[in-house]
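The structure appears right after this line, and notes come after that.
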2 protein chains.
Amino acid sequence: MKTLLIPFVALASLGAAPAPKPALAPSEIVAAAPASDWIAIAPADMLVMTLANGKQAVIQLMPPPFSQGWIGNIRKLAAAHWWDGLSINRVQDNYVVQWGDANEKKALPAGLVSVGEGEYSSAKSDVLKLSSLPIESNKGQQPLHSVDEIIKEVTADWAKAYKKSGLAAYGDSDAYSDVTGILKGWPVALDDENIWPVHCYSMVGVGRNLSPDTGSGAELYTVIGHAPRHLDRNIAVVGRVISGIENLSSLPRGTGALGFYEKAEERVGIISIRLASELPTADQPRFEYLSTDSKSFATYADARANRRDAFFNVPAGGADICNIPVPVRKKP
Amino acid sequence: MKTLLIPFVALASLGAAPAPKPALAPSEIVAAAPASDWIAIAPADMLVMTLANGKQAVIQLMPPPFSQGWIGNIRKLAAAHWWDGLSINRVQDNYVVQWGDANEKKALPAGLVSVGEGEYSSAKSDVLKLSSLPIESNKGQQPLHSVDEIIKEVTADWAKAYKKSGLAAYGDSDAYSDVTGILKGWPVALDDENIWPVHCYSMVGVGRNLSPDTGSGAELYTVIGHAPRHLDRNIAVVGRVISGIENLSSLPRGTGALGFYEKAEERVGIISIRLASELPTADQPRFEYLSTDSKSFATYADARANRRDAFFNVPAGGADICNIPVPVRKKP
């Protein structure tokens, strides 16, 4: 059967000179990345969601400085086993899967903070702390001191990819922001004042009511369609589903307004949501992501923007920020 | 429960002056469009797919000059009832649902044409025929004579929307093309030489093997994730699912390479795919789309790019071509 997209096919010899070996597909570039290009995700930064149907999903929480008020609440909610026995209540096609307390009656654990709308973005002063973060690419770095330095940092991976392809387009604006790029493994956008995480497929955000409510973190959703970038800076982005998104995206769509399930029995039960660090070591998921500072990532991003593998005739010459997902895999 | 996105909520009086009425959400703008802004989709331009699980999907085929070689084949395949008894064989998360003959053994009906790769795009000379098409917005128009006229035509709806919002960004390039816009109800991209349909959520394309094969139209797929724009000009786009996409996008993902189902029994049977015009009149689906030349559409597109309804704090200031889906509804 026709495969629509073939990652690698050895071209049959035509009797003449052997055909040139086709360029690697993005998936092959990722598969060939050395072990040193992969960064383990800490168990304390993963949530394991187990559904009543036995399926699981794993969520990676964002690093500082992004959305830390909500993420702190989410850690407390998970520690309190707050989601256990609740449900997925909404599945809207080409939009979101949302879970929490369908009846909004369950008392929240003590100690949750109220987070302001200003936290949808991180201000310059927050982002300047980035270089003191205990993440791989900051090792040995000096603190950042200017917005120019931040932008350089944000677009560095991008720049490497596009430099290779001969394009000068990295850091260009898209329809939603002045600059997009990938910072320490996460897709972000920024303007002169702020930097914020963006709504790509499988990103996780915090449901809320009307402004000035920003949500506590008890009501969460993940994106299961085309990137709804109009939600950027309007809702907190707190992480992404790194495993099992298909167990959420393939759920039956709700038939009520906004995709809510109309009957209680349609809801999909949540057995538990746990911080992976709370689980016995043997049960902890082990995932790693491809360092977005690595040469492998730059090559991968370039290939996503310019497919040169055998199936493709016309390389696109670019890719939007949500069409270059950061590779994540089970730790071998 | 928190609804993440509330289309309209009357603000409670705070005792002082009544709060200003929030702007309409895109869905409300569409709901308020006059009947005269809606265009009926001809039964001859719709395919009705009925699955073994009883669910249906309706596909609208693209108008000339786009992809007409493959679309002619698809009409013949439907008339020959060729897909009856075949199956959905591939469901790849955040990518495509694909159907056809899993064994590639079923003989194709006579009369199918072989279409060249040049037909992935339409050349200037083809697009110049547009004004002679029997579709609504061409009534009384003179033929187009220049590429400038084509670009003006393509970006006209866009321009109306963005003019309203004060933006000058319509017709700007995105990561994939020089210009994007909506032409006679369809999202397209173009450069100096060509114009082509783009891969947005729910668009339907033609599976193929390696170049120079372009596929016959017997193997089809629809997009169920973030717009895979890198496929533009590499595969034929022939239409879009206008009803029942959720019956495809919620299917279990295949666990084989590229999301193919590994076992024959996992495949989802196709009872039939019929041109709607072949069905008894009473059984024909009746759909209409919002004219993209209408003021309602311009207002809707503007609101998609700049959400001002109650839930939103920060209008995006723009939207990518795939984030302004053309509204389609059942004919009231």
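The values are calculated or read from the model by the stated rules, or taken from the named source; none is laboratory data. Predicted model, so just to flag it, every value in this text is computed and none were measured. Note that each Cβ is placed from the backbone with ideal geometry, even for glycine, and that neighbours are counted across all protein chains shown.
Conditions (1) over 17 Å from the mean Cα position of the chain (by Cα); (2) crowded, with 18+ Cβ neighbours inside 10 Å, marked per residue:
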site: A:A33; (1), (2): yes, yes
site: A:L47; (1), (2): no, yes
site: A:F66; (1), (2): no, yes
site: A:G72; (1), (2): yes, no
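Residues that are of a type in the set (S, T, Y) and at pLDDT 85 or above within segment B:179-212 comprise B:Y201, B:S202, B:S211, listed in sequence order. Here A:L210 fulfils each of the conditions (1) buried (at least 23 other Cβ atoms within 10 Å of the Cβ); (2) of a type in the set (A, V, I, L, M, F, W, C); (3) under 26 Å from A:A123 (Cβ atoms) apart from (1).
I'm trying to understand the selection: among the residues of segment B:282-299, which are part of a helix (DSSP H, G or I) and either within 16 Å of B:S36 (Cα to Cα) or touching a strand residue (DSSP E or B) at 6+ places or on another chain (Cβ under 7 Å) (or both)? Selection gives B:K295, B:S296, B:F297, B:A298, B:T299.
Taken as a whole, the condition of being in contact with a Leu (Cβ under 9 Å, 6 or more places away or on another chain), under 30 Å from A:T50 (Cβ atoms), surrounded by fewer than 22 Cβ atoms within 10 Å (Cβ to Cβ) and in contact (Cβ under 8 Å) with a residue 60 or more places away in the chain applies to A:R274.
When A:L86, A:L112, A:L108 are checked against the criterion of being more than 14 Å from every other protein chain (Cβ to nearest Cβ), closer than 24 Å to A:I271 by Cα and either surrounded by fewer than 20 Cβ atoms within 10 Å (Cβ to Cβ) or of a type in the set (A, V, I, L, M, F, W, C) (or both), A:L112 stands alone in meeting it. Those strands (runs of 3 or more DSSP E) of segment A:1-74 in which 2 or more residues are within 14 Å of chain B (Cβ to nearest Cβ), at pLDDT 70 or above and in contact with a strand residue (DSSP E or B) (Cβ under 7 Å, 6 or more places away or on another chain) are absent. Residues of segment A:246-256 that are crowded, with 24+ Cβ neighbours inside 10 Å and facing another protein chain (nearest Cβ under 7 Å): A:S249 alone.
Taken as a whole, the structure leaves A:E246 outside the set of residues that are touching a Lys or Arg at 6+ places or on another chain (Cβ under 7 Å), of a type in the set (D, E) and touching a residue at least 24 places away in the same chain (Cβ under 8 Å). Comparison of B:A264, B:A236 shows that the only residue that is in contact (Cβ under 8 Å) with a residue 60 or more places away in the chain and over 29 Å from A:C200 (Cα atoms) is B:A264. What is the residue count in segment B:312-332 for residues that are crowded, with 20+ Cβ neighbours inside 10 Å, more than 8 Å from chain A (Cβ to nearest Cβ) and in a loop (DSSP other than H, G, I, E, B)? Selection size over segment B:312-332: 3.
Given the criterion more than 9 Å from chain B (Cβ to nearest Cβ), touching a His at 6+ places or on another chain (Cβ under 9 Å) and within 23 Å of A:G69 (Cα to Cα), identify the matching residue among A:V237, A:V241.
Result of the check over A:V237, A:V241: A:V237.
Comparison of B:D309, B:D302 shows that the only residue that is within 14 Å of chain A (Cβ to nearest Cβ), closer than 18 Å to B:S27 by Cα, among the acidic types (D, E) and not in a loop (DSSP other than H, G, I, E, B) is B:D302. Selection within segment A:228-258: residues that are within 28 Å of B:P315 (Cα to Cα) and of a type in the set (D, E, K, R). The member of this set that is farthest from the chain's Cα centre (by Cα) is A:R253.
Pick from segment B:89-101 the residues that are part of a loop (DSSP other than H, G, I, E, B) and either more than 23 Å from B:R229 (Cα to Cα) or more than 7 Å from chain A (Cβ to nearest Cβ) (or both): which of them is farthest from the chain's Cα centre (by Cα)? So the residue we want is B:D101.
Has segment A:53-62 got at least one residue that is in contact with a Phe, Trp or Tyr (Cβ under 8 Å, 6 or more places away or on another chain), surrounded by 16 or more Cβ atoms within 10 Å (Cβ to Cβ) and over 25 Å from A:L190 (Cα atoms)? Looking for residues that are in contact with a Phe, Trp or Tyr (Cβ under 8 Å, 6 or more places away or on another chain), surrounded by 16 or more Cβ atoms within 10 Å (Cβ to Cβ) and over 25 Å from A:L190 (Cα atoms), one finds at least one in segment A:53-62, hence yes.
When restricted to residues that are at the interface with chain B (Cβ under 9 Å from one of its Cβ atoms) and not in a loop (DSSP other than H, G, I, E, B), segment A:212-226 contains 2. Considering segment A:292-311 alone, what residues qualify as being of a type in the set (S, T, Y), surrounded by 22 or more Cβ atoms within 10 Å (Cβ to Cβ) and modelled with pLDDT of 85 or more? Once the filter is applied, which keeps residues that are of a type in the set (S, T, Y), surrounded by 22 or more Cβ atoms within 10 Å (Cβ to Cβ) and modelled with pLDDT of 85 or more, segment A:292-311 yields only A:Y300.
Scanning segment A:190-211 for residues that are polar (S, T, N, Q) and either more than 11 Å from chain B (Cβ to nearest Cβ) or not in a loop (DSSP other than H, G, I, E, B) (or both) yields a total of 1.
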